[in-house]
Structures are given as C-alpha cells and as structure tokens.
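Scroll down for the structure; my scribbles are underneath it.
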Amino acid sequence: MLKHLFRLMWNKKRGHVLLIVEILAAFLVLFGVTSLITYNLGNYRQPLGYDYRDAWTISFDARGMSDTAASDLMRQLKARTQAYSEVQAVSLFSNNTPLSQSHSNTDIFYGKIRQHTDRFHTDRDFARTLNVPVREGRWFDPSDEGEGVKPVVINQPLREALFGTGQAVGKLVTFSDPFDKNVNDNEKFRVVGVIGNFKSRGEYQRNDPGVFEYVRESKPHWLRTLIVKVAPGTDASFEAKLMKDYAAMTKDWNVDVSYLEKQRKTTQNITLVPVLIFLIVSGFLLINVALGLFGVLNLSIAKRRSEIGVRRAMGATAGVITAQFVGEIWVLATFGVLIGLIFAAQFPILRVFDLEPGVYLWAIGVSALVIFIIVTLCAIYPSRQAARVQPSVALHEE
C-alpha cells in the first residue's frame, strides 16, 4: 500500500510540485521559528544570577576634570548616595551595566586555554547591591585594596571553560597571551571567587562566560556609573531629590538615570519581536499550505469519483478510502519535509546561528510533526467526503 502511494504520487509529481514547494517553505520557516523559540526558552529557564528589581543605574558624563579628580568625585557621589535612608546599597560599575545595550568582551588565558568572555569592572559592593551569590571563594573585600596581583571573580561558564571540574580559586589568569614574552607579573590576575549565572543581556540571552575585575577605589579609576539598590516603593520624589544633590556636586556633568526593570523589558522586546514576526510569517505560510491541500483533495475527489465508486462496489470500506487520501497527502508532505531536512541538516554542520546541535534536532522534529499534523487535519474532511460516495451514484454519473 505504502509503495503504491509513493509510486502514485511520484508519477504525479509535476502536478504537485507547487504544493511540495509550499510544504518545503513552511517547514523551513517553522524550523527557523522553532529553533529560535527552543533557544530562547532554554535560556529563559536559566536564572539571571542577580536581582534587577528596585535597582537603578546612574551614569555620569564627567567633563573638565582629570581622572584623579573625577575618581575622587565619584567616591563622594557614592558615599552621598549611600547616606540616603531610601538606598540599600550602591556600587561602582563600568558602563556595560546589566540589561544595558553596552557590552565589553575580551580573551582570557589560563595556560594554553583561551576563552572569549564578557568583561566587567566593579567594586566590592556589587554582589551585595544586586544580590549576586558567590559559589566558591569570596567576592572582593578590603584586603584587595593592597598591592600585588589583582583579583578577579568569574562566573560558572568561564570556570568550566578554563578549569573544568578542577580547582578555580587561587589560579592565575591573564588577558594577554601567557606565552608572549612581553607579559609580566603585573598583567596577571588571581581568581578569588566564582559566582553562578550572570546573564547581563537578559533572560532570553545565553549565559556567556564573564569575568569581574576589581577596581581599587583608593586609586584613580575610570568608573563613572553607579548601580543603586533602593527600598521597595521608592517614588519619583526621591529621584528628584537625588538629582538635585548630584547637580550641586557635579556642576556641569550630565547625569542619566535608568531603571533595570525597564531595561529588562527593552531587552525582552528586542528578542521577542523578531520571533513574533517569524511566527506571523509562518502562520500565513501554513494557512496557504492548508488551503492548497484542501483544494487539491477536493479537486482529486471530483476527478476520481468513478474510481472511488468502483472501489466501494468492490467492497472497500469508508475507512480504507479515507486512509488512501490521507496517505496520499502524507506522501506529499514527506517529499517536502525530506527536501527540507537536507537544508536543515546544514545548520548544525555549518553552525549557521551558532546554536547547540540539540536545538536544531529538536526544531527539526517539532517542525516535521507540525507539518504532518496540519496536513492530516486538512485531509480529514475531504477524505470523509470521498468515503461517503455511493457506488451507484458514482457509476451512474460516469
């Protein structure tokens, strides 16, 4: 039966080529959408690694000051901000703050291992400000203000990339190739702690490797951003009071306030809008495929009423007739999906979107299943109509 159906549909391939192309296009679009959805859902299931609620980022555009003077003023701004009763914690941070559109990347080395990583600069109050738990070792503390090897804290993905399951705390890493003869001890950093996740780009983004470099507050630095944790329920009146104090202290500096909760929504929209657009396009394609299948089946039934009548007269049941037409549509869908698999199989091989192979395999399976469900649903009504043809009526019309 199956062999007969394949031979029958292969002989009619020219008449069904447009429908096969439609199924192919629908499968490829579904594959792309399902890959994005699977990837984003997989990322969403992993925790952010920090608490964005009731957290503000305040950026200062320093003007007319040396680095030393600007650093001193930033320390005064941090102390003044911390003095408010509405403020729970304050931290200095580089401009690539969590949930912002600013990013900083570099390569980090441990022996012969080289890993690309996000790089952040901060102080010893950051973990407390955003409630970042430390899994191994410790966060930065006052002992790091002394001279010697600079401390860094890494997240779990970077720990696994550099050290695997081995010891991480106490190891020396560098941002320059350690085999470069020009690298000296001053360019080495000691790992003092390991945190878990740190998804600086939001829930839907990958948990990339990240390293936090300690910036000694007692020395000149270039950090011009404060991350402020305020008490729940703090309103705009406090922000106005804060801005008034900042204006008096900074003179002609520009001050910009952002809210991590709003930035989180912005990063979510950046991810979800393209997925929604692909879903709409995929929906239109699936509707076109469904209408095409419905039309092909109705036309096939109209042309093959005498064939159906003869089969019914020879004892074929309604279930057999229905199974035949559903089987024919399945064969058409199989042709389209098989061609689509050839294209889809290139994505993990060529690492087109740089996703895990499991994401592509899952997307292929789900897309194929959706295609077969749709063609089956489209075939049920016309197939039942064909099964109701009475032999006498069909043969009389012939």
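Of note:
- Filter result for residue 337 (part of a helix (DSSP H, G or I), farther than 18 Å from residue 374 by Cα, at pLDDT 70 or above and open to solvent by less than 70 Å² (accessible area, probe 1.4 Å)): no
- All of (1) open to solvent by 70 Å² or more (accessible area, probe 1.4 Å); (2) of a type in the set (Lys, Arg); (3) outside any loop (DSSP other than H, G, I, E, B) hold for residue 264 with one exception: (1).
- Residues that are part of a loop (DSSP other than H, G, I, E, B), of a type in the set (D, E, K, R) and open to solvent by less than 60 Å² (accessible area, probe 1.4 Å), drawn from region 132-144: 141
This table checks each residue for (1) of a type outside the set (A, V, I, L, M, F, W, C); (2) modelled with pLDDT of 60 or more; (3) outside any helix (DSSP H, G or I).
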residue: 29; (1), (2), (3): no, yes, no
residue: 32; (1), (2), (3): yes, yes, no
residue: 36; (1), (2), (3): no, yes, no
residue: 42; (1), (2), (3): yes, yes, no
residue: 46; (1), (2), (3): yes, yes, yes
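- For region 79-99, residues that are of a type outside the set (A, V, I, L, M, F, W, C) and surrounded by fewer than 20 Cβ atoms within 10 Å (Cβ to Cβ) total 9.
- Taking the conditions (1) more than 32 Å from the chain's Cα centre (by Cα); (2) not in a helix (DSSP H, G or I) in turn, residue 246 satisfies each one other than (2).
- Among the residues of region 340-368, the ones that are closer than 30 Å to residue 298 by Cβ and either of a type outside the set (Val, Ile, Thr) or buried (at least 21 other Cβ atoms within 10 Å of the Cβ) (or both) come to 4 in all.
- In summary, residue 240 fulfils each of the numbered conditions (1) crowded, with 16+ Cβ neighbours inside 10 Å; (2) over 26 Å from residue 40 (Cβ atoms) with the single exception of condition (1).
The values are calculated or read from the model by the stated rules, or taken from the named source; none is laboratory data. No experiment lies behind these values; they were computed from the predicted model shown. In this analysis, Cβ positions are derived from the backbone assuming ideal geometry, glycine residues included, and neighbour counts consider all displayed protein chains. Heads up: the accessible areas ignore ligands, DNA and RNA and are worked out on the full protein's heavy atoms, side chains in. Shrake-Rupley method; radii C 1.70, N 1.55, O 1.52, S 1.80 Å.
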